[in-house]
Amino acid sequence: MSYDYLRVTREGRVGVIRLDRPQAHNALCNGLVAELGRALDAFDGDAEIGAIVLTGGDKVFAAGADIGEMLDRDMAGLQAEDFPFAADGGWAALERCRTPVVAAVAGYALGGGCEMAMACDLILAADSAKFGQPEVKIGTMPGAGGTQRLVRAIGKAKAMELCLTGRMMGAEEAERAGLVCRVVPAGELETEALALATTIAGHSAPVVRLIRESVNQAFEGPLQAGLTFERRAFQSTFAFEDRREGMSAFAEKRKPSFRHK
Ligand code: CO8
């Protein structure tokens with residue numbers, strides 16, 4: 001598959017997608033989002049891929065939706081295609097992707113860029129990362145999860161401040177607030193993101209799927225429903241050979257060799 005706005009590679013069992021539209025600070029034009037959907041779907045359907053890294057450039061992860069493209073849009077048109085769940089389905093592909101996606105963020109992750117990182121399963125940040133929802137400054141508002149995922153990730157107080165003022169939050173603050181799992185020196189972001197994704201991809205894929213869905217239950221739903229979901233998911237790992245292999249390997253003091261990767 002060839003791409004105009006992405007660079008797509010693979011490192012062992014990790015699929016790497018790099019947003020590559022540097023002249024527009026990786027603004028998320030429709031073409032880019034459509035390509036992202038294709039790349040994600042391809043990796044998600046590939047049994048040889050156990051995790052995905054989504055990253056951008058050194059200075060910008062993504063500066064949000066493409067403002068030029070949006071300038072002359074009208075409400076009826078956006079509503080008809082349910083933008084950003086556009087007809088080409090790019091954004092929806094990110095929402096439905098079941099392979100864990102690590103967002104590796106250096107520089108600006110703003111507006112739709114911040115929302116894109118938050119739609120991933122976890123965010124690893126370079127110390128240069130800056131997160132924000134500046135839509136209010138251009139007369140609009142977050143439209144792809146900014147007012148929802150940000151609140152769940154960092155709480156109402158800080159999310160409200162960021163969305164109402166457009167202020168950017170640096171990497172250290174983002175880690176303290178719980179938006180990112182870790183901050184690493186900018187020069188080590190790629191290596192660390194690959195290491196993180198490789199660790200995930202080395203585990204049993206069906207178990208990883210259940211853990212991911214269980215954590216998302218906590219993020220999305222009420223506690224009792226989440227606890228029940230988790231118990232059932234835990235119990236169902238006992239249907240996998242990989243569960244027996246993992247525990248046997250521990251007892252025999254050797255590394256497990258998981259069958260379902
Ligand atoms: N859209 C289009 N072009 C952009 C965007 C953007 N979001 N951001 C930057 N660019 C372009 C600039 O126009 C400029 O192009 P040119 O060189 O041709 O003039 C080039 O990228 C470099 O930008 P700057 O000169 O502004 O670079 P600076 O380093 O001075 O500033 C900033 C970097 C701070 C990132 C600045 O560019 C900026 O503030 N960008 C806009 C950020 C923003 O407002 N984002 C929110 C957009 S709205 C949104 O995301 C709604 C989300 C709804 C869901 C979307 C799903 C896809």
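The values are calculated or read from the model by the stated rules, or taken from the named source; none is laboratory data. None of these values were measured; they are calculated from a predicted model. All Cβ positions, even for glycine, are placed from backbone atoms using ideal geometry, and neighbour counts span all protein chains on display. Each accessible area value is taken on the protein alone, full model and side chains, heavy atoms only, with ligands, DNA and RNA left out. Shrake-Rupley method; radii C 1.70, N 1.55, O 1.52, S 1.80 Å.
Within region 85-138, being within 12 Å of the ligand (Cβ to nearest atom), surrounded by fewer than 20 Cβ atoms within 10 Å (Cβ to Cβ) and outside any helix (DSSP H, G or I) holds for Phe85, Ala86, Asp88. Take the residues in region 139-152 that are closer than 20 Å to Asp121 by Cβ, open to solvent by 30 Å² or more (accessible area, probe 1.4 Å) and in contact (Cβ under 8 Å) with a residue 24 or more places away in the chain; name whichever of them is farthest from the ligand (Cβ to nearest atom). This residue is Arg152.
Taken together, Gly37, Gly31 contain a single residue that is within 14 Å of the chain's Cα centre (by Cα) and assigned to a helix (DSSP H, G or I), which is Gly37. Restricting attention to region 246-261 and to residues that are charged (D, E, K, R) and farther than 23 Å from Asp121 by Cβ, the residue that is surrounded by the most Cβ atoms within 10 Å (Cβ to Cβ) turns out to be Arg259.
Among the residues of region 202-245, those identified as in a helix (DSSP H, G or I), surrounded by 12 or more Cβ atoms within 10 Å (Cβ to Cβ) and among the small types (Gly, Ala, Ser) are Ala205, Ser214, Ala218, Ala225, Gly226, Ala233, Ser236.
Contact annotation: residue pairs with Cβ atoms under 8 Å, 6 or more positions apart or on different chains, pairing a residue in region 104-121 that is in the same structural domain as Gly170 (by TED's automatic domain parsing) with a partner that is more than 7 Å from the ligand (Cβ to nearest atom) and hydroxyl-bearing (Ser, Thr, Tyr), are Ala104/Thr55; Val105/Thr55; Ala106/Thr55; Ala106/Ser128; Gly107/Ser128.
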